[in-house]
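Derivation of every value follows stated rules applied to the coordinates shown; laboratory data play no part. The model shown is predicted, which means the values in this text are computed figures rather than measured ones. Here the Cβ positions follow ideal geometry from the backbone for every residue, glycine too, while neighbour counts run over all protein chains shown.
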Amino acid sequence: MKTAFINDIAHPIKPGETVLSFIRREADASLVPTLCDAPNLDPFGACRVCSVEVALEEGGPVKTMASCHTPVAEGQYIYTSTPAIQKLRKNIIELVLTDHPLDCLTCEVNGNCELQTVAAQVGIRDVRYPEGENHLQKTKDLSHPYMTSDLSKCINCYRCVRACDEVQGEFVLSMAGRGFDSHIVKGMGQSFMESDCVSCGACSQACPTSAISDIFQSKSVQATEHTRTVCTYCGVGCNLDIASTNGEILAITAPYDAEVNQGHTCLKGRFAFKFYNHPERLDSPMIKREGVFEKVSWDEAYSYIAEKFKHYKDTFGPDSLAGISSSRCTNEENYLMQKFYRAVLQTNNIDGCARVCHSPTALGMQRTFGTGAATNSIEDLKYTNCIMVIGANPTDAHPVTGAKLKQFAMKSDNVSIVIDPRRTELARYATHHLALRPGTNVAVLNMMMFYIVKEGLVDADFVERRTEGYSEFIEELLSIDLDKLEAVSGVPREEVRAAAIAYASAANAMSFHGLGVTEHSQGTFTVMQIADLAMLTGNIGRRGVGVNPLRGQNNVQGSADMGVQPHQGAGYLDVTKPEVNQRYNQFYGSELPLHIGYKIPEMFEAALEGKLKSLWIIGEDVVQTDPNTQKVIRALQATELVIVQELFMTETAKYADVILPGASFLEKSGTFTNGERRVQAVRQVVEPIPGSKPDGQIIVEIMNRMGYPQPDYTPDGMLDEISQIVPFFAGIRWDRLGDNGLQWPVSPDGTDTKILHEKDFKRGLGYFEFHSWEESQEIKDHGQDYPYILTTNRELEHYNCGAMTRRTANEQILTSDYLMIHPEDASANRIADGDFVCLESPRGKVDVKARITDEVKPGVLSTTFHFPDIMVNNITSDVHDSEAMCPEYKVVAVKIRKTKGKFKQLLQDK
C-alpha cells in the first residue's frame, strides 16, 4: 500500500488525489484553509491560501505548494501548519482584505462569508496594508427575483465564474478589466435579468463572500434545522438541503456529496418552493352542493366518499370506479392508491399521469429488454464517447442532467447526436443535429440502422449471443425506401448516415430520450428502435452505454414500479395471469380481477358512455394537461362523483364534486425513484398546513373507512410491505437508503444495481422487431386543411401545468406561454414578434404570443403549456400511441393567423 505523510504521520494514498483531498480524507480538514477551492469545482490554485510545505523525503528540503492542485505522491512529507506557512496564509488574507469591506473582521450579520472564517482561522485581527478602492462605488444588482450581487464584497477568487462554466456550462459570468480594475461582469455587463443567466444559483452557492447571493441565502444561517430531501420537480432526483426554523422554510441549497447532483440544482429546485405555504393552498375538504363548494370535516368527507363508492360498486359493479394516481406522490402513496382500487374496490381501473408521458418507454423497453427502466446511470457520462439525445431538451426539462450533457457535448473529442425538430440548446453544440419533421422518428431511426448494417458496423458477436429475431428484422430493415424516408423526415440521408456511423463506431455510446419520442402515435415503436440501436451495436450491459429515458416528473418511474397502470400490478406483474392473481389475492386478502382495467383515455370514454360513475384524481390537472380539453371537461361533467386531491384549486378541481387537500413534498416522508432507478428518501421538513393531510394518510383513512384494515402511513412501514410484493424492492428498507438511495433491483442483503443487462436481459434474449414508419392519423385526416405542425415544449422556469411554479417568483421570470414560429412563416402570415397568434385545429382555437425564431424549421410551430389562460390542450387531438395510448402532443395539425385587433387588446390587458 502506497503512503504519504501528513505532519510526519503515514497515511494511505489513492490514485488521482491532490494533496488537499488527501489531507481532508485522512486528517482534519481545518488544517488547511481554502478560499478559491470548492468541492464541485476543478482545482484552480489562484489564492494560495491552501499552501503547504512538501518534502520528497524525511528531513529533505521543503517546497511551498498549493495543495488544491498538487498531486499527492508516495513518500511525500506534507506539513500543514509550519510558521512559514502560517505567515504566508496570514499575509495572503490581509492582501485580500484590502479590497474587501474591512468590517468583515467584525461583521456579525453575514454568516455566509468564508473570508471571515478564514481570516479568523489564520489569526488576523487587523490589516497592516492600506485599504484599496476596488470595493467602493459598486452598484448592487437587485434586478432578479432570486439572485442579487454586491460586488464591493468580491475578492476576485473566480469561484462564481468557474461554477457558471464548470457546473452549469452557461458562461454568463466572466472577469473584465486588469489589475486593480478586475471585476466580475454578467454577459456584456448587464444585470442578472438582462443576461443569459438561468438562475441555477451555482454562483451564489460557490461565492465565499456573498458578493453574489440569493435572496434566501442570508436566512439560511438563522436556521435551526437542516433536512435532506429530494426535489419535487423533474425526474433527475436532485438532493436538497432544506434550512428551516420553527416550521418555516428559509432556504434550499444542494449537498456536495449528493451522487445525483453534486451541489447543483436548477432554479426550480433551489428557489421555487414558496408554493408550499401559498395563501391559495387548499386547507379543508370540500363537497360541492348545488354548484357551490362547502367546507366540511374530514369525517364528513370520508363518509360521503365511502357511501358513494359502496353504492356504485354494489349497483354498477367495481368497474364503474376508476382512479388516477400521481407521479408527484411518493412510491408508498402510489402503491397505496393502486392497492385501494385493486384490493378494496376490486377493479384494475387505476392509471397515472405517466400515461401521458412515458408509458411507451416502459412498454417498448419491456418488449425489447424485459425491463422498462434506464439501463445505466447518469454517472456513466464519465465513461462514454458518444451520446445520442432524441426527442428531449434536457437543459430546460431536466436541467442538472442537461448541464452534464451540455458539458459533454462541448468537449471537442466527444461525439454528440441530437435528433429533434428544434434547434435546442444542446443541438447548438452537437456534432450531428438531425432536424426531422415532427412525427418521423421511426423513419430517421430506420435510416440510421440501415446505414449501420450497410457499413458493416453491427456487433455481430453481441447480436448472435444475446438477441433473437435478428434475421427477420434485417430482412425488413434492408427493404426500406430511403428516398421516401428522406423526403418525409426532411433530413438529408448523408446527415443520417454520418450520425449512424458516429454512433456505431464509438467505443461506448449512450442514448437519452424524452417526450419527443414517447408522445407520438409510434412512440412505443420508437423506444423499441432506440433499444434496437443499442443491441445492434453492442451498446448495452456495461459502463458508458445503454438506453436512458429522461423522466419528466419526479416520480414517473416510481409510480409505474408501484403498479399504477391497469395491466400490471406492483412490480410489473401481469394482472391477467392466474398465478400472479393468486399471489396478489393471498397477499392482499382480497379477490382481485383478472381483466385489464381502463387506461386514462378509456376512463374518459367510459364516462361519456355512462359506464364510469366515479373518478378519484390525485395531483393531476387533467383539464389543463390532457389532450382535447373540452372532451376531458365533458367526461368529468358526465361522471357522477369526481374526487380531486390537490394542493390548489386547479382547472380540474373546479369540476370536482369532492376536494381533498393533500400535502406537498416538504410536508411528508416517503421515497421517489428517479430516472436512473435510484430510490431516495423524501424526508418531511415541516408539518402539513392546517386542514391538509399527507396523501398517503388520506388513502389509508379511506381504506379503513371502507372496511379494509390498513396501518397508518409511515415510510418505513410501507417499504416493508412493498418489499414483500415488488421483487426488485426486496432489499429496500428505509434505514438502508442513507443520503444517496439505492438503485433497483436491490437484493435482500441491500446490494443495489448500477447497470442492467450485464449478462442477460430480463426476458432472456433481447428482441428485435421491425416497425415501418407510418404518418400520424392527425396529418392524414387534417394535414391538407391545417398545413402547419404544432409541437409542444417546456420552459426551464415552469413545471408542467405550472400549478406550483406559477405560485412562486418564477412567474416574474417567464410570465406567459409563447409560440415559436420561423421568420418565413411569420412573414407569410404578417406576424411580428410579440403579436398574438390564433392557432386553430379541428378541435378549437387558442391565442398565444409569437416568438419569432429560427430554432424551428418552416412549417413547424412549438408552444409551451404552463399557463391556464392559454389552455393549449383545447386544440390537441385524441390521437395516441398505438400500443401504450400515450397522447400525441407532439403532432397537431393547425393553421395560423394574426389575432384580430379587439381580442388582441383584451389579451394584452389580461
Tell me, how many Å apart are the Cα centres for the range 1-73 and for the range 671-739?
44 Å
Ranked by how many other beta carbons lie within 10 Å on average, peptides 70-77, 841-848, 866-873 from highest:
866-873, 841-848, 70-77
Can you give the convex hull volume of the alpha carbon atoms of the chain per residue, in Å³?
181 Å³
Could you tell me which of rounded, prolate or oblate describes the range 147-277, using a ≥ b ≥ c as the square roots of the eigenvalues of the alpha-carbon gyration tensor, with rounded for a/c under 1.5 and, failing that, prolate when a/b is larger than b/c and oblate otherwise?
prolate
Can you list the lysines whose alpha carbon is less than 16 Å from that of LYS87, not counting same-chain residues fewer than 8 positions off?
LYS63
Quotient of C-alpha Rg and 2.2 N^0.38 Å, computed over the range 454-504
1.33
Other residues with Cβ under 13 Å from the Cβ of GLY291 give, with Lys and Arg +1 and Asp and Glu -1, a net charge of 0
Students often check this: by mean Cβ neighbours within 10 Å, which of 294-305, 44-55 ranks highest, and how do the rest follow?
44-55, 294-305
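Find how much the distance from THR315 to ARG736 grows on full extension, using 0.36 nm per residue of separation minus their present alpha carbon separation; answer in nm with one decimal. Intermediate values should be presented prior to the final figure.
Values: separation 421, 0.36 × 421 = 151.56 nm, distance 4.61 nm.
Once the chain is fully extended between THR315 and ARG736, it gains 146.9 nm.
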Rounded, prolate or oblate, given the Cα gyration tensor of the range 777-909, with a/c below 1.5 counting as rounded?
oblate
Once VAL185 and ALA498 are pulled to full extension, the length gained, defined as 0.36 nm per residue separation minus their Cα-Cα distance, is 108.7 nm
Any aspartates and glutamates whose Cα falls less than 14 Å from that of LYS857, other than same-chain ones fewer than 8 residues away, would be ASP420, GLU824, ASP825
Measuring from label point to label point, each 7 Å out along Cα→Cβ, what is the ASN91 to PHE587 span in nm?
7.0 nm
Inter-label distance for THR815 and GLU225, nm, one decimal - labels placed 7 Å from Cα along Cα-to-Cβ
3.8 nm
Cβ neighbours within 10 Å, averaged per peptide: list 535-546, 773-784 in order, most packed at the top.
535-546, 773-784
Taking 45 Å as R0, compute the FRET efficiency from the Cβ-Cβ separation of ARG542 and ASP574 and round it to 0.05.
0.90
Which net charge results when you count Lys and Arg as +1 and Asp and Glu as -1 among the other residues whose beta-carbon is under 12 Å from that of CYS231?
+3
Computed FRET value (nearest 0.05) for GLN777 with TYR256, which takes r as the C-beta separation and R₀ as 56 Å:
0.65
For the range 315-336 and the range 362-432, what is the separation of their Cα centres, given in Å?
33 Å
Where the Cα atoms of the range 3-121 are projected onto their three principal axes, how long is each span, largest first, in whole Å?
44, 29, 21
Taking a threshold of 22 Å on the Cα-Cα distance, which of the pairs LYS310/LYS611; LYS268/LYS382; LYS288/LYS599; LYS454/LYS759; LYS849/LYS900; LYS138/LYS186 fall above it?
LYS268/LYS382; LYS288/LYS599; LYS454/LYS759
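Taking 30 Å as R0, compute the FRET efficiency from the Cβ-Cβ separation of PHE171 and LYS754 and round it to 0.05.
0.40
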Summing +1 for each Lys or Arg and -1 for each Asp or Glu, what net charge is found among the other residues whose Cβ lies under 15 Å from the Cβ of THR368?
-2
Which of ARG228, ARG763, ARG678 has the fewest Cβ neighbours within 10 Å, and the rest in rising order:
ARG763, ARG228, ARG678
Assign one of three labels to the range 359-549, namely rounded, prolate or oblate, based on the Cα gyration tensor with a ≥ b ≥ c the square roots of its eigenvalues; rounded applies when a/c is under 1.5, prolate when it is not and a/b is larger than b/c, and oblate otherwise.
rounded
